[in-house]
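> Quick one: this structure, given as structure tokens, is what I'll be asking you about.
The values are calculated or read from the model by the stated rules, or taken from the named source; none is laboratory data. Since we're looking at a predicted model, the values are computed, not measured. Glycine gets a Cβ as well: all are built from the backbone with ideal geometry, and neighbour counts include every protein chain shown. The accessibility values were calculated without ligands, DNA or RNA, using every heavy atom of the protein model including side chains. Shrake-Rupley method; radii C 1.70, N 1.55, O 1.52, S 1.80 Å.
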Amino acid sequence: MKFINTMQITLYQIVQVVLLGIILFYLIYYVYSVLFDKNYQPKAYRAAVKNGEVSDTLRKYEKKYPDKVRFFNFWFQVERLKIDGVQGAFAELGVYKGDSAFLLHQMDKSRIFHLFDTFEGFQSKDLKPETGKAATYTTSNFADTSIEKVKKRLSDPEFVFHQGYFPETTRGLENELFALVSMDADLYNPTKAGLEYFYPRLSPGGVIIVHDYNPDWPGIMKAVDDFAAGIPVPVVPVADVDSSVMIVKPKE
Ligand SMILES: C[S@@+](CC[C@H](N)C(=O)[O-])C[C@H]1O[C@@H](n2cnc3c(N)ncnc32)[C@H](O)[C@@H]1O
């Protein structure tokens, strides 16, 4: 009896030590990869860091940004626009609290950056026709923001705010040219309106990046597919977590 008890306690202790070991291993691995592991960085980016071309703010953001492929796709596109001398402003449709706008601005601070959002979440007329994940959304989703808060975060003079329902907020910008447009509005109506508005105003070589082109968001897929059928260039998939797609305007 005494022997069995001792065995039981010993086995219990072994299990505890093994579990503790596994937890410690993953903890050390996690801390190490956050602080030191650069394996996910493309060589061109590493070279840019070495040459002092990447700001400390951007490097910090890169480390904590959850979707590394999305981050580096943004970075490569912004670099390409610089190298090719593609003229025009940046824009984002679907800003929310300003995360991706902040990131893109850090990659090129010289561009005027137009920000389109209600800053109060979705409107019912856009939600009504939705299926998929967007059908579970209400006007409360993404409403926990405000233009005042985002203005504090995106306070550089390059940012131009266009608050309200898109595309009604594009008035006065008819002649603006865009080099890069990030579209992240989640729904069919604004995605369709965004493609129709921005594509004709995209500089040759300019790019539209549409987030969430995946089966969770059938409205986005439909808006992109319908639009793609009428333009002479392919829609290029990106291997980021939520499957962005890109449309690059041909050079004249
Ligand atoms: C997924 S969030 C954007 C996330 C953001 N890009 C980020 O970095 O966190 C979608 C945003 O699209 C905005 N939006 C959707 N439809 C809109 C419309 N028709 N007009 C203006 N804003 C719209 C919503 O208000 C919401 O803030």
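> Nothing charged except the Cβ atoms of Lys and Arg (+1) and of Asp and Glu (-1): what's the magnitude of the dipole of the range 180-252 about its Cα centre? Round to the nearest 20 debye.
So the magnitude is around 360 debye.
> Can you give the longest run of the chain that contains no trypsin sites (Lys or Arg not before Pro) sitting in a DSSP loop with at most 16 other Cβ atoms inside 10 Å?
No qualifying site falls inside 172-250, the longest such stretch.
> While we're looking at this one, here's another question. Return the carbon/sulfur percentage of the accessible area of the range 1-156, one whole number, probe 1.4 Å, all protein chains in place.
Within the range 1-156, the accessible surface is 62 percent carbon and sulfur.
> Between residue 19 and residue 40, 0.36 nm times their residue separation minus their Cα-Cα distance comes to what?
Computed gain between residue 19 and residue 40 is 4.7 nm.
> State the volume of the convex hull built on the alpha-carbon positions of the chain, expressed per residue in Å³ and rounded to an integer.
Output value, Cα hull per residue: 187 Å³.
> While we're here: Just want the answer: with Cβ charges of +1 for Lys and Arg and -1 for Asp and Glu, which residue in 191, 231, 141 is farthest toward the dipole's positive end in the chain?
After comparing all options, I get 141.
> State, to one decimal in nm, how far the label point of residue 216 lies from the label point of residue 251, with both points 7 Å from Cα in the Cβ direction.
Here the answer is 3.7 nm between the modelled labels.
> Fully extended, how many nm does the chain gain between residue 174 and residue 225 (0.36 nm per residue separation, minus their Cα-Cα distance)?
15.9 nm
> For a Förster distance of 35 Å, can you work out the FRET efficiency between the beta-carbons of residue 87 and residue 59, rounded to the nearest 0.05?
0.80
> Just reorder 10, 118 by solvent-accessible area, largest first, 1.4 Å probe, all chains present.
The residues order as 10, 118, largest area first.
> For residue 155 paired with residue 48, estimate the spin-label separation in nm (one decimal), with each label point 7 Å from Cα along the Cα-to-Cβ line.
2.6 nm
> Then there's this: List the residues whose amide H sits under 5 Å from the amide H of residue 244, counting only those 5 or more places along or on another chain, with H placed 1.01 Å from N in the peptide plane.
212, 213, 238
> Based on the Cβ-Cβ distance from residue 26 to residue 163, what FRET efficiency comes out when R0 is 45 Å, to the nearest 0.05?
The calculated FRET efficiency here is 0.55.
> Let me ask something else. Looking at the chain only, what percent of DSSP beta bridges run antiparallel? Nearest 5 please.
25 percent
> Additional query: With a probe of 1.4 Å, find how much accessible area the chain has per residue, and write the answer as a whole number in Å².
Heavy-atom SASA per residue in the chain reads 55 Å².
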